[in-house]
Amino acid sequence: MQIKTCFIETPKGYSFNKTCDFLFSPEGISPNGRVSTTFYDSVTYKKVIKSSSGLLLSEVTDKSDSLEVTITGDNLSDQDIKETTDILSRILGLHQNPNSFYEAHESDPILGPLINKYKGLHIPQSNSIFEGLVTAIVGQQINTTVANMLRSLLIEKYGESLTINGDTHYVFPTPEKIMSVGIDELHANKFSYRKAEYIWGIAKSICTNELNLNNLSNSSYETSMTDLIKLRGVGIWTAQWLLIGSLGFEDGFPSGDLALQKIITEKLKRKSLMSDAQILDYSNIWSPYRSWATIYLFADIRNAL
């Protein structure tokens with residue numbers, strides 16, 4: 001095994017700790033509480049990266065104006081280093097710029113205090129659109145604890161692994177692996193039959209070139225939304241979270257999320273719970289930065305747990 005260290009410059013005002021805290025919160029976009037693909041202990045962020053030459057372990061720490069990245073793997077090349085830092089930069093939101101969001105809403109009665117409290121938090125992204133999509137489907141209509149358990153099971157049973165110093169780390173399973181497993185085996189491993197069908201169907205569509213999720217990254221918000229909800233198992237709630245946490249759109253808003261309805265109702269001091277339609281209508285004042293608004297509201301939900 002080789003070990004190499006490099007640095008990634010961070011944008012001014014970026015908070016590594018706030019971003020990682022959100023990534024690992026129970027209410028985060030891709031719940032990672034006990035999931036073995038990634039580890040964060042308030043100091044070091046660890047993640048296995050699948051580069052073109054194999055699996056690598058990355059360990060990231062904050063150095064104020066940069067992130068120090070230690071990479072462990074076999075026969076590390078310059079290409080491995082570049083691929084790893086590019087993936088980490090995306091996951092940790094280093095290329096995002098929240099300044100326009102801050103300027104537009106620092107005086108907003110709801111968002112202003114949240115901006116002051118969580119400033120520096122960027123929007124974490126899933127490692128791949130497929131991972132984000134499957135994670136969102138797994139989490140539909142179940143609590144976070146169960147969702148984390150099912151996601152961990154999927155990863156540890158079907159994902160590739162890398163063992164370093166006695167610790168085993170996993171990567172999210174590929175579409176090819178999920179397709180080979182089949183619906184019945186997924187169902188036998190605690191997934192509802194319907195969710196097993198959804199996950200397997202999406203994996204199969206990718207493997208047979210019927211579906212190219214990467215095309216969504218190059219589409220408009222409206223086109224991506226339309227294309228996502230055409231997929232079996234993907235409704236508006238799932239699509240909106242994917243737009244925010246996998247595709248990097250800045251104006252996603254999952255108005256059907258009960259937690260979001262509750263916190264906006266609370267912030268506005270309404271007597272009865274606001275509906276999906278009501279918070280969607282209210283959210284227009286935050287456009288075109290509703291993804292940022294959503295993440296900062298959810299950061300406050302997480303902080304209250």
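The values are calculated or read from the model by the stated rules, or taken from the named source; none is laboratory data. Note that the structure is a prediction, hence the values are computed from the model and not measured. Counting neighbours? That spans all protein chains shown, and the Cβs are built from the backbone with ideal geometry, glycine included.
Just so you know, in the range 74-90 the residues that are exposed (fewer than 14 other Cβ atoms within 10 Å of the Cβ) and in contact (Cβ under 8 Å) with a residue 12 or more places away in the chain include one that is nearest to LEU162 (Cα to Cα), and it is ASP74. Residues in the range 167-192 that are in a helix (DSSP H, G or I) and either buried (at least 21 other Cβ atoms within 10 Å of the Cβ) or more than 24 Å from the chain's Cα centre (by Cα) (or both): PRO175, ILE178, SER180, VAL181, ILE183, ASP184, GLU185, LEU186, HIS187, ALA188. Name the residue that is farthest from VAL234 (Cα to Cα), counting only residues in the range 245-301 that are basic (Lys, Arg) and assigned to a helix (DSSP H, G or I). Among those residues, the one meeting the criterion is LYS267. Can you pull out every residue in the range 198-242 that is among the basic types (Lys, Arg) and not in a helix (DSSP H, G or I)? The answer is LYS230, ARG232.
Scanning the range 55-96 for residues being in contact with a helix residue (DSSP H, G or I) (Cβ under 7 Å, 6 or more places away or on another chain) and closer than 19 Å to ILE3 by Cβ gives a total of 7. Counting only residues that are surrounded by fewer than 22 Cβ atoms within 10 Å (Cβ to Cβ) and more than 19 Å from CYS20 (Cα to Cα), the range 107-128 holds 6 of them.
Scanning the range 264-297 for residues that are surrounded by 19 or more Cβ atoms within 10 Å (Cβ to Cβ) and either of a type in the set (A, V, I, L, M) or at pLDDT below 95 (or both) yields ILE264, MET274, ILE279, ALA293, ILE295, LEU297. Among the criteria (1) within 20 Å of GLN140 (Cβ to Cβ); (2) surrounded by 13 or more Cβ atoms within 10 Å (Cβ to Cβ), the one ARG232 does not fulfil is (2).
Here are THR84, THR135: which of them is farther than 23 Å from ILE301 by Cα and either in contact with a Pro (Cβ under 6 Å, 6 or more places away or on another chain) or not in a loop (DSSP other than H, G, I, E, B) (or both)?
That would be THR84, the only listed residue that is farther than 23 Å from ILE301 by Cα and either in contact with a Pro (Cβ under 6 Å, 6 or more places away or on another chain) or not in a loop (DSSP other than H, G, I, E, B) (or both).
Among the criteria (1) in contact with a Gly (Cβ under 9 Å, 6 or more places away or on another chain); (2) without any contact (Cβ under 8 Å) to a residue 60 or more places away in the chain; (3) over 18 Å from ILE199 (Cα atoms), the one ASN165 does not fulfil is (1).
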